Amino acid sequence: TPGLKREFYRFGKDLGRGRSAVDRALRAALGAQETFSKRLLQRGSEVLDGLGPDETALVIVGRSYNTTDAGMNLEIPRKLRDMNVIAIPFDMLPVENAIDDELAAEMYWKSGQRILATAKLVKDDPRLFSVYITNFGCGPDSYITHFFKETSSGKPFLQLEIDEHSADAGAITRCEAFLDSLRNIKHRKGVVKKDKRASTRKKHPRKIYMPNMSDGAYALAAAFEACGIEAEVMPEPDTETLRLGRAYTSGRECYPGILTTGDMIKTTRRPEFDPDRSAFFMPSGRGPCRFGQYNRYHRMVLDEVGLQQVPVYAPNQDGTFYKELGMMNGNFSRLGWWGIVAVDLLEKMLRETRPYEKVPGATEKVYWDCVHRVCGAIRANRFPAEELKHAKKAFMNIPVHAPGTKPVIGVVGEIYVRCNRFSNENLVVNLEGLGAEVRVPPVGEWIYYTNFCSKRKNWQRGDYGDYFRTLLKDFFQQLDEKKMENIFDGDLRGGHEPRTTDIIDKAAPYIHHSFEGEAVLSVGKVIDYISNGAHGIINVMPFTCMPGTVVNGILKKVREDHLSIPFLNMVYEGIEDTNAKTRLEAFVHQAREFMERQ
């Protein structure tokens, strides 16, 4: 491809080789790879052709670093051969031919596509069964294994989860037990389940239930209602949410996925819930984060509890985001944007005022009154200018003690955990209680970033129509945001948010923009906070979060470049951490000392 050639031309230049030499090397390398792949498939075909109708073979499936590395997989393929069992690497099956358009659309990880395509192939051959090798903490596999089971349509498979503590004996015992169970199976053909799922594209007068990720969800619900669709934001998660979420997940999924699953199940158990007139809203994405798989998993859970008729509306956040929202009449996209930006600004005023209030609870009361006013304007299909003017006066009238005199803590990290109070154990209020002022990136930052990614991809693909449509929409979003910010007329101490390109430029020394997702935003935002006078940085993340783990690793280098400012990494998984309060107390103390040295 042109992109691949450009990269190798750059490498060739560093090595003192011209383009013609690079072209020859590429042709030779790709040709050798193609020959190798053909031989793999040829050998796989030979093995299958020689397999009798009553014989059994095990297909080794998983990510390449698990299936091909003898150290990672405890040499399971060799041990199976020693047990006189034929073990076929899934690379030797015509996996690519089994990846159809539907599978590619639902599963954005290429390795995930190949794994699920293998499940389809194995399901249809009564001689084949799968051994799925995964590793502890593998983010994608935490969801792919569910989909693998679903695709297998009831056909049994063995899943081996390996970590540094795994031993040969345990793995061999499980393989032996699996083989024994296969000998007792009389009907090896999987039972194909009829798909009774409700289409996410049908237009019904349904009430839409939305996850309570942040307070901006209320404004988004108001935008739905302005377009004639009844909508309700589910209550904030609680301990019952967590209990139900864990009951319907394996424990390997990311924390937000568990909580949103629990909220959904809790809602379906409400007496007034009508399955025939209800739907759930869960935006999607194209990776690399697991978030884009939430809606598909939610669909599986609803099917499991017998609610096949309840749709899950899942608009994608990349180039198709606005197209899919076109399923609704009215100006939903722009109304939703007005609401999200307005609530972002109100949250800034809340966090800048509440730490200094003289009357406890006064700021919170004003904040929620203003949120409801903004939602009323959105519901009435109106730009919330008057509501924000009222908000400015109301916040300014709150009696406060010397604002701006406390250490400022910048919070970055996974968007759900940093925004949702239950999931982060009310981090902002706890920090304020310890004597700090907190700043959190707005939700609108992510929407701008999805616009940026969409424009880049559309330009690269030559989809210039979509490129200019997103460019125009991005322009008007910035214009609307500017109008709202001007209403506060410089009263926000945090100032204006940097543009997406500025954040990416700030992150560039540490992470390249081609690594898409929250990681690049978090790293860039850390640098932005530091350059704008923050006195401490906290990175929040769910346990095993893929982007969060990347950010935590990269921030080690950022710490080296900014040794004086305190850093703290907070990981959440729904289990009470008795040391969390002590860590926060020590951190705020360090931030206060840093502020005093400035």
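Among residues of the range 126-138 that are within 29 Å of T544 (Cα to Cα), those with a Cβ under 8 angstrom from a residue that is among the acidic types (D, E) and in a strand (DSSP E or B), sequence gap 6+ or separate chain, pair up as T134/E161; N135/E161; F136/E161.
Only residues that are assigned to a loop (DSSP other than H, G, I, E, B) and touching a residue at least 60 places away in the same chain (Cβ under 8 Å): list them for the range 359-385, please. Residues satisfying the conditions are A380, N381, F383, P384. Considering the conditions (1) closer than 21 Å to E161 by Cα; (2) without any contact (Cβ under 8 Å) to a residue 60 or more places away in the chain; (3) outside any strand (DSSP E or B), I88 is excluded by exactly one of them, (3). Listed by position, the helices (runs of 4 or more DSSP H) enclosed by the range 386-498 that each have at least 2 residues that are touching a strand residue (DSSP E or B) at 6+ places or on another chain (Cβ under 6 Å) are 415-419, 427-433. Among the residues in the range 276-284, are any in contact with a Leu (Cβ under 9 Å, 6 or more places away or on another chain) and part of a helix (DSSP H, G or I)? No, the conditions are met nowhere in the range 276-284. Would you confirm, using the coordinates I've provided, whether L80 is in contact with a helix residue (DSSP H, G or I) (Cβ under 7 Å, 6 or more places away or on another chain), without any contact (Cβ under 8 Å) to a residue 60 or more places away in the chain and closer than 21 Å to P156 by Cβ? Spelling it out, it is not the case that L80 is in contact with a helix residue (DSSP H, G or I) (Cβ under 7 Å, 6 or more places away or on another chain), without any contact (Cβ under 8 Å) to a residue 60 or more places away in the chain and closer than 21 Å to P156 by Cβ. Can you find even one residue in the range 133-144 that is of a type in the set (A, V, I, L, M) and either at pLDDT below 85 or within 25 Å of E272 (Cβ to Cβ) (or both)? No, the range 133-144 contains no residue that is of a type in the set (A, V, I, L, M) and either at pLDDT below 85 or within 25 Å of E272 (Cβ to Cβ) (or both). Selection over the range 1-48 of residues that are open to solvent by 70 Å² or more (accessible area, probe 1.4 Å) and not in a helix (DSSP H, G or I) gives a count of 3. What are the pairs with Cβ atoms under 7 angstrom where one residue, in the range 529-544, is open to solvent by less than 20 Å² (accessible area, probe 1.4 Å) and the other, located anywhere, is of a type in the set (D, E, K, R) and part of a loop (DSSP other than H, G, I, E, B)? Sequence gap at least six, or different chains. Hits for this filter: V540/E414; M541/E414; P542/E414; P542/E573. For the range 234-291, the set of residues classified as among the acidic types (D, E) and open to solvent by 30 Å² or more (accessible area, probe 1.4 Å) consists of E236, D238, E240, E272, D274, D276, listed by residue number.
Scanning the range 545-557 for residues that are open to solvent by less than 50 Å² (accessible area, probe 1.4 Å) and not hydrophobic (A, V, I, L, M, F, W, C) yields P547, G548, N552, G553.
When you look at L103, is it open to solvent by less than 30 Å² (accessible area, probe 1.4 Å), touching a helix residue (DSSP H, G or I) at 6+ places or on another chain (Cβ under 7 Å) and farther than 30 Å from H165 by Cα, yes or no? In short, yes. Quick check on R461: is it more than 17 Å from G517 (Cα to Cα) and surrounded by 15 or more Cβ atoms within 10 Å (Cβ to Cβ)? No: the conditions fail for R461. In the range 268-293, the qualifying residues are those that are modelled with pLDDT of 90 or more and among the hydroxyl-bearing types (S, T, Y), and the one that is farthest from G154 (Cα to Cα) is S278.
Residues of the range 109-168 that are open to solvent by less than 10 Å² (accessible area, probe 1.4 Å), of a type in the set (S, T, N, Q) and touching a Leu at 6+ places or on another chain (Cβ under 8 Å): T118, S130, T134.
Condition check ((1) assigned to a helix (DSSP H, G or I); (2) at pLDDT 95 or above) across all residues:
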| position | (1), (2) |
| --- | --- |
| N295 | yes, no |
| K323 | yes, no |
| N329 | no, no |
| W338 | yes, yes |
| L346 | yes, yes |
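Within the range 362-411, the set of residues being within 30 Å of E593 (Cβ to Cβ) and surrounded by fewer than 12 Cβ atoms within 10 Å (Cβ to Cβ) comprises P399, H401, A402, G404, T405. With respect to the conditions (1) open to solvent by 30 Å² or more (accessible area, probe 1.4 Å); (2) in a helix (DSSP H, G or I); (3) of a type in the set (A, V, I, L, M), V571 lacks only one, and its number is (2).
Being within 29 Å of S423 (Cα to Cα) and at pLDDT 90 or above: is that true of V523 here? Taking the combined requirement at face value, the residue satisfies it.
The values are calculated or read from the model by the stated rules, or taken from the named source; none is laboratory data. Computed from a predicted model, the values in this text were never measured in an experiment. Methodologically, a virtual Cβ is constructed for each residue, glycine included, from the backbone with ideal geometry; neighbour enumeration extends over all protein chains shown. Please note that ligands, DNA and RNA were not included when accessible areas were found on the heavy atoms of the full protein model with its side chains. Shrake-Rupley method; radii C 1.70, N 1.55, O 1.52, S 1.80 Å.
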